[in-house]
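Note sheet for the following structure.
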């Protein structure tokens with residue numbers, strides 16, 4: 001029985017890589033040098049995107065002028081300046097005395113930023129005058145700034161240093177732009193403030209993953225095991241579980257980075273674009289649910305139900321329970337995860353691995369904290385018949401997850417494929433029931449298992465049915481860059497929903513916010529065209545656009561003003577009605593006669 005379960009888990013993992021749209025190709029990926037490319041536009045080196053000239057004036061002030069390349073902008077809040085007085089030979093004075101600076105930043109363009117919230121930004125150029133508190137002959141000026149490209153790339157905070165000579169009216173560049181805190185000029189690394197924030201978001205996302213219906217039963221059974229364990233044993237097994245979780249996330253990160261290096265748009269949940277992977281995962285949930293319901297005896301302790309490896313007792317069982325938890329979490333995207341993982345895949349490998357490790361640490365943190373809490377263990381009821389009832393109840397979230405995954409497979413490959421997957425699941429359940437001590441039953445179980453896999457996988461692989469359109473696709477027009485441009489040219493604002501049937505966060509946003517009557521009425525009142533980019537199936541155009549936007553996955557929500565060529569406002573991944581209404585309120589009221597018909601699907 002353990003062999004059968006282990007085979008199913010391995011099949012699930014292997015087919016997810018072999019059949020998903022992450023197959024390697026020859027596209028160029030994100031490069032580490034200047035002139036960054038994401039398979040879309042070539043991004044300028046930072047010194048070309050933001051050209052800074054400084055002029056020391058006779059009145060003792062400093063005139064700064066940034067020439068900002070088209071399609072790039074500077075953050076107003078990120079501008080910082082420091083001036084140090086130097087001796088007449090240009091070297092710093094022995095005291096290293098800092099000279100206060102006064103300046104007034106001109107107002108920028110209001111924008112909603114994914115990382116910083118409400119911000120002001122500068123396009124085209126920025127002129128600024130700095131006034132030192134003392135009159136100097138020479139000095140060293142340090143300028144710190146940060147900017148982004150509209151196409152999706154954000155540079156880390158940059159530092160430039162200049163030697164100033166007020167008498168001669170010259171400013172000599174001492175260092176080309178370099179990431180703040182970096183020791184190697186030009187090296188790509190996150191700013192000192194950005195990385196801790198992303199690690200915190202990843203950690204929080206990992207904690208929330210435990211509440212997802214796919215993961216909660218596994219975590220609950222592990223917690224139940226503490227009721228019959230002493231504190232030392234509970235702590236030891238909690239750390240082994242943590243090791244399994246973090247190791248699995250690091251393995252996922254390594255695979256994603258390798259595929260990203262081959263030029264593919266990849267991210268959390270992309271494997272769910274493969275109907276084959278979706279069906280295999282649904283079968284795994286079905287088998288785990290049958291085990292929790294007591295219909296199958298997979299052996300081992302309750303906390304390790306779910307796979308042959310995780311069913312082992314002792315350290316190996318705890319470690320592989322962590323591995324299993326990560327595997328079953330793959331259909332789920334928790335809040336904060338999208339931002340953190342989108343940041344991770346644009347960073348060097350060591351930063352990306354840190355973010356994924358933080359995600360794993362967050363997922364394992366509740367169990368570790370519980371293992372150290374003697375009060376929590378005392379509050380837990382004593383072991384008894386209630387544990388068996390609870391175990392059986394926890395099977396139902398897994399059944400629900402299996403139903404949802406089979407629905408996704410049906411949307412992707414058609415009703416015939418979904419029926420074949422259901423038939424395969426039935427035969428797999430029969431094979432597991434037949435697996436008993438007698439040799440003839442085990443031989444028959446192997447035959448039935450092989451038949452179930454053949455029926456289910458052949459139906460999905462053949463995709464005999466016609467794939468269904470996504471839910472949002474059925475009621476709204478399809479997205480394309482040309483469609484957006486045409487609607488903007490006609491003066492209509494455009495809202496674009498990047499979604500997929502397998503994206504739980506997307507479906508939640510649509511049901512609770514975007515498809516509600518108040519939001520639809522607000523769209524109509526502002527004459528907003530609602531376009532859907534459905535990524536349920538592999539779509540190179542959507543993948544390329546997401547890459548240009550610096551995103552690792554979905555959801556993504558863009559609100560374009562009704563002006564030709566205007567850049568979109570990016571809304572957060574977790575929507576609320578108030579958030580969307582506020583964004584719509586910022587749009588100008590539509591003029592009469594500006595309605596533009598959107599072609600039906």
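Each value in this text was obtained by applying a stated rule to the coordinates, not by laboratory testing. Because the structure is a prediction, the values reported are computed rather than measured. We place every Cβ from the backbone using ideal geometry, glycine too, and count neighbours over all the protein chains shown.
So between residue 388 and residue 57, what do we pick up on full extension, going 0.36 nm a residue minus the alpha carbon distance? It would help to have the intermediate numbers written out before the result.
Working: separation 331, 0.36 × 331 = 119.16 nm, distance 8.13 nm.
Computed gain between residue 388 and residue 57 is 111.0 nm.
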Going 7 Å from the Cα of residue 98 in the Cα-to-Cβ direction, what parts of segment 113-140 have a backbone nitrogen less than 20 Å from that spot? 130-140
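Need one number: % antiparallel among DSSP beta bridges in segment 471-585, to the nearest 5.
On the way: 8 of 16 bridges.
Just about 50 percent of them are antiparallel.
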For residue 423 and residue 235, extending 7 Å from Cα along the Cα-Cβ vector and measuring point to point gives, in nm, a value of 5.6
If I model a spin label at residue 200 and residue 170 as a point 7 Å from the Cα along the Cα→Cβ vector, what separation in nanometres do I get? 4.5
Under Stokes-Einstein, segment 414-468 at 4 °C and 1.567 mPa s, with its Kirkwood radius over C-alpha pairs, diffuses with a coefficient in µm²/s of 113
Pulled fully out, how much extra length does the chain show between residue 48 and residue 65, if you take 0.36 nm times their separation in residues and subtract their Cα-Cα distance? 4.7 nm
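Expressed in nm to one decimal, what extension gain is obtained for the pair residue 80 and residue 150 from 0.36 nm per residue of sequence separation less their Cα-Cα distance? The partial results should precede the final answer.
Values: separation 70, 0.36 × 70 = 25.20 nm, distance 2.25 nm.
Gain in length upon complete extension: 22.9 nm.
Enter the per residue convex hull volume of segment 471-585, computed from alpha-carbon coordinates, in Å³ rounded to the nearest integer.
Numbers: hull volume 10.9 nm³, N = 115.
Per residue, the Cα convex hull of segment 471-585 comes to 95 Å³.
Once the Cβ-Cβ distance between residue 373 and residue 109 is put in as r, and R0 is 45 Å, what FRET efficiency do you end up with, to the nearest 0.05? Could the numbers behind the result be given before it?
Working: r = 50 Å, r/R0 = 1.11.
The calculated FRET efficiency here is 0.35.
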Starting from one equal scatterer on each C-alpha and no solvent at all, send me the Debye-based log10 I(q)/I(0) for segment 46-179 at q = 0.10, 0.15, 0.18, 0.21 Å⁻¹, two decimals. -0.34, -0.72, -0.98, -1.23
Starting from the 7 Å offset along Cα-to-Cβ, what nm value, one decimal, do you get for the label separation of residue 563 and residue 541? 2.7
